[in-house]
Amino acid sequence: MDRTRDPVRRRIRPRGVPNALQDHPVVDTDDRALALDMTRQLLGECQVTPARTELDDFHCRLHAVQLIDVSMTYLDYAAATSIKVAESADCYTVHMTSAGHGTAHIEGQEHHLTPFFALVISPRTTYTLSMDRDSPQNIIRIEREAVERQLSRLLGRQLREPLVFDAVGDLTTDEAARWHGALQIFSNEVMSPRSLIQQGIGAAPLEEMVISTLLLVQENNYSHALKSRPTTSGKPAVTRSIEFIELHLAEPITLNDIARYARMSPRSIQAGFREDLGTTPITFIRDRRLDAVRRDLLSAMPREGITVTDVAVRWGFNHLGSFSGIYRNRFGESPSATLRGTRSA
């Protein structure tokens, strides 16, 4: 066939894939159906519509790395494209336009996005993101439950309402430098062949750093409580008790042990947990141990041969029948399913 008779297609050139994601391609396609499927998995129920004048230039490139509850992704359509999200996924996403610019419409308001401003989407949000040609997105996705768990720990109490972030974040402020620094550490750990996460450990603390930084840097409906709190709780009994629990989480803990450390009566500690956290010390310990079990199961490497029993016993769950039930109630799946999911990833 005479190639000179074919339409001239704009050359797809590599643009701005972060170094940490260079070796982690997920899709590289002209197929709009496949691009839509990948976008829905990342952002939620949506429609992806290239500009009519640039249909021939549409080309989807997606690179991604996922640890446990935090994913770093790069999304580029090459052509000017609109993403209309009917309902965002059950997660928080931070969109950073690495080049060019775009426009976001959320709840009747228009926000202009450039490399200097990020878009922060809370779960179940309806919005439209319109990206100009050559405006790739670096997107951090964090699962909702992980963000809420970390926020609850920082506050020292249960959440009384859903967490909602301001839609736009200024990436040029001094505070934003902390966000950039957290992402740089994340990237370095992903790239380094000798990093802790490459050895199957250290993912959970790394994710907690990223989540905590976002909570403290980006304005949200809990910002005042986070920035004004003198301690992790309003009651010294609870503050000291949580400190002891975190230090000895993998060891047997009794209410009397906590009381001696906190220099408070067991009754005062129980009252403090009930009023500040809406729970009991024993339930708090159990939930923190369940969180630790889940982190270990999600971080397990196949070559280590780790079993559910190993992890459960490590964190003090010796009655495996009842452990499986409370684990399923908290996380919506069996511990063995969590471990299998990690090994098949």
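What to note about this one:
- Placing pseudo-labels 7 Å out from each Cα toward the beta carbon at Asp287 and Leu216 gives an inter-label distance of 2.3 nm.
- Here is how the number arises for the chain: DSSP H runs of 4 or more residues each give -39500 (n - 2.57), the sum is divided by the residue count, and the result at 222 nm is -12500 deg cm²/dmol.
- Computed extension gain for Asp132 through Gln158, at 0.36 nm per residue and net of the alpha carbon distance, reaches 5.2 nm.
- Whether the stretch 247-287 is rounded, prolate or oblate, judged on the alpha carbon gyration tensor where a/c under 1.5 counts as rounded: oblate
- Spacing of the two label points (7 Å from each Cα toward its C-beta) at Thr307 and Met209, in nm: 3.5
- Extension gain, Arg328 to Thr53: 0.36 nm times the residue separation minus the Cα-Cα distance gives 94.0 nm.
- Of Asn329, Asn138, Asn19, the residue with the greatest mean-square motion in the GNM of the chain, using alpha carbon springs below 10 Å, is Asn329.
- Calculated over the chain: convex hull of Cα atoms, volume per residue (Å³): 159
- Annotation note: GluC sites (Glu not before Pro) in the stretch 49-133 located in DSSP loop regions with a Cβ neighbour count of at most 14 within 10 Å are Glu107.
- Projected label points at Asp166 and Ser223, each 7 Å from Cα along the beta carbon direction, are separated by 0.3 nanometres.
- For the chain, hydrophobic long helices are taken as DSSP H runs at least 15 Å long by C-alpha position along their axis with mean Kyte-Doolittle hydropathy of 1.0 or more; these are 203-217.
Read-outs throughout are calculated quantities, based only on the coordinates presented, and are distinct from any laboratory measurement. Model, not experiment: these values are computed from the prediction. Ideal geometry is used to build each Cβ from the backbone, glycine not excepted, and the neighbour counts take in all protein chains shown.
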